[in-house]
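Take a look at the structure below.
The values are calculated or read from the model by the stated rules, or taken from the named source; none is laboratory data. Keep in mind that this is a model prediction, so the values were computed, not measured. Every residue, glycine among them, receives a Cβ derived from its backbone with ideal geometry; neighbour counts consider all protein chains shown.
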Amino acid sequence: MPEAAMTEEEFARALKTVDWANLQHCYGPAGNVPDLMLALFEDADRAGASDPPPMPPVERLMLAIFNQSALPPEPPNPCGQLFDCLYHQGDIYQATVAAVPFIIELVRQPRTRRHHRELLLLLESCLEDGFRYPHGVDPSSPRYAYWASQAENGEQAYWAAQEGIPLYVALLGDERPEIRIASAAVLRKCRERAGEILPHLRERLSQETEPEPRAALLLAMGALCRENEHAAAYLPSLLRGMEDVNATPIMRLAAMVGYVETGAAELPATAYRWLEKFREDADAIETDIFAKTSEAFAELMTRYEAVSHEGADAVIQRLLGLSSIPPSLSENADRTSAD
């Protein structure tokens, strides 16, 4: 069970136990981090029916060009500022490591609920396991020191973010679909604790009825099954996701990508049959949940020998949110169409 939420006073006192001014974030000393976190509570007070509706982007642009004096100020966005300070272009800082327990606590707070999705995205970013200690670089060079510190910060943030697993599991049952999707995406990264998480994903899958949250659960299940000794017990859930005649294209595709993510040697024959039909359904899919599954998605397309070059390009570009097709994915599509 997740811990009970702190009171705001307890949260503010806990923030004071960290020497933020002596920690670094993207823009220097991290002394502003406590104020940004506390501003999320104040932001909740400002949000409400009395708020003016946001100005449409085109109208704001026109005013900015032709009549700047009439341009209303941008509303404050402390969550966006916090994200930018702590996770900037993939970099993780000392302050990020110190902030992770507080970000988990902010996701637990009812009064910060309008920011929960963005905070979960920040935690998901902290769970990127791509940190690498530098090799082949002169240890006396500044470049070595920078990459070594990045790797150390990344590793510490990675383990700190996993302390929120009970909360992420509880959020799989949240009333908001976007939070169920975001919490599944966070859990998908917690591979070292797959044995603990997988039963919760399977249980929730039996209860979830909405297509995108179901798809997010299937993707998380597939990722956590890779190199896991209990994977065989969860493959049937992914197979059922492919074979369910009532499944939407999003759900079925997620089951196929999840199956590939498990590392299974062969796709079942059912998958090839559905992939043949999938090209007809691609335009019906409007989602960004596949944006971080490019390797598994490319492997799925590589295995699918019947897909044409044009079909693979369109499907990959659309579902991965790419403006153009990377050469490696185009080569996969070329190879499958030529075979």
Here the residues within segment 200-235 that are among the basic types (Lys, Arg) and part of a helix (DSSP H, G or I) are 202, 204, 214
Conditions: (1) within 30 Å of residue 26 (Cα to Cα); (2) of a type in the set (Gly, Ala, Ser); (3) exposed (fewer than 14 other Cβ atoms within 10 Å of the Cβ). Residue 206 meets all but one. Number of the miss?
(1)
As an exercise: evaluate residue 200 against (1) modelled with pLDDT of 95 or more; (2) closer than 26 Å to residue 82 by Cβ and give the number of the one condition it does not meet.
(2)
Just give me the residues in segment 171-181 being at pLDDT 95 or above and crowded, with 24+ Cβ neighbours inside 10 Å, in sequence order.
172
Can residue 59 be described as modelled with pLDDT of 90 or more, in a helix (DSSP H, G or I) and surrounded by fewer than 13 Cβ atoms within 10 Å (Cβ to Cβ)?
no
Select, from 203, 227, the only residue that is under 25 Å from residue 264 (Cβ atoms) and free of Cβ contacts under 8 Å to residues at least 12 places away in the same chain.
203
Please state which of the following conditions residue 258 fails to meet, knowing it meets all the rest: (1) in contact (Cβ under 8 Å) with a residue 24 or more places away in the chain; (2) more than 23 Å from residue 173 (Cβ to Cβ).
(2)
Picking from 240, 204, the residue that is of a type in the set (Lys, Arg) and either within 20 Å of the chain's Cα centre (by Cα) or within 20 Å of residue 169 (Cβ to Cβ) (or both) would be 204
Residue count, segment 2-24, condition under 19 Å from residue 116 (Cβ atoms) and outside any helix (DSSP H, G or I), comes to 6
Please go through segment 148-170 and pick out each residue that is surrounded by fewer than 21 Cβ atoms within 10 Å (Cβ to Cβ) and small (Gly, Ala, Ser).
148, 149, 151, 160, 170
Which members of segment 99-155 meet the condition of being out of contact with any strand residue (DSSP E or B) (no Cβ under 8 Å at 6 or more places or on another chain), at pLDDT 80 or above and of a type in the set (Gly, Ala, Ser)?
99, 149, 151
What about residue 256, is it modelled with pLDDT under 80, out of contact with any Cys (no Cβ under 8 Å at 6 or more places or on another chain), in a helix (DSSP H, G or I) and assigned by TED's automatic domain parsing to the domain that holds residue 214?
no
